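Input: a single structure, listed below in structure tokens.
Computed from the coordinates by the stated procedures, all read-outs in this text should not be read as laboratory data. Keep in mind it's a predicted model, so treat the numbers as computed, not measured. Cβ coordinates were reconstructed from backbone atoms using ideal geometry, including for glycine residues, and neighbour counts include every protein chain displayed.
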Amino acid sequence: MIINCPSCRKPMSSKATVCPNCGAERGELTDEQLSELSRRRLRDRIYRLKMASYAAISVLLAAAGWYFYEASDLDLTPSTGPLLLVAIGSVAYVVVRAFLFSAKRALKTH
Ligand SMILES: [Zn+2]
């Protein structure tokens, strides 16, 4: 079984007592505790990614609001700002969703 080093988080064999990457000892942690630890880290990561995806959606909503604000005012010359913000928000959202997808899959296999 492959676990993550409790010290450097690099993958290592659960049979190894010392991490080949950083040399940290696994100490008294059992396989069960270690896999619970990596599951907890994945859940933390999923939580942060969810927050990031909400932030990306907020950026998209703000961009839409900005766009319609400029579009509704005939005196204003529409700027590229809102479109730029939509592009940034969309890319960020897609990237975050991709990370979220792989983190959820990793959680299932742990
Ligand atoms: Zn390590």
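Put +1 on the Cβ of each Lys and Arg and -1 on the Cβ of each Asp and Glu in the chain; which of Val59, Tyr47, Pro20 then has its Cα farthest toward the positive end of the dipole?
Pro20
Is there a quick way to get the dipole size of segment 2-109? I mean about its Cα centre, with the Cβ of Lys and Arg at +1 and of Asp and Glu at -1; what is the value in debye to the nearest 20?
680 debye
Give me D for the chain in µm² s⁻¹, whole number, from Stokes-Einstein with Rh from the Kirkwood sum over alpha-carbon pairs, 20 °C and 1.002 mPa s.
After rounding, the answer is 127 µm²/s.
For Lys15, list the lysines whose Cα falls under 30 Å from its own Cα; do not include residues on the same chain fewer than 8 positions away.
By straight Cα distance, Lys15 reaches Lys104, Lys108.
Between Gly81, Tyr69, Leu34, whose Cα lies farthest towards the positive end of the dipole of the chain when Lys and Arg beta carbons carry +1 and Asp and Glu beta carbons carry -1, centred on the Cα centre?
Sorting the options by dipole projection puts first Leu34.
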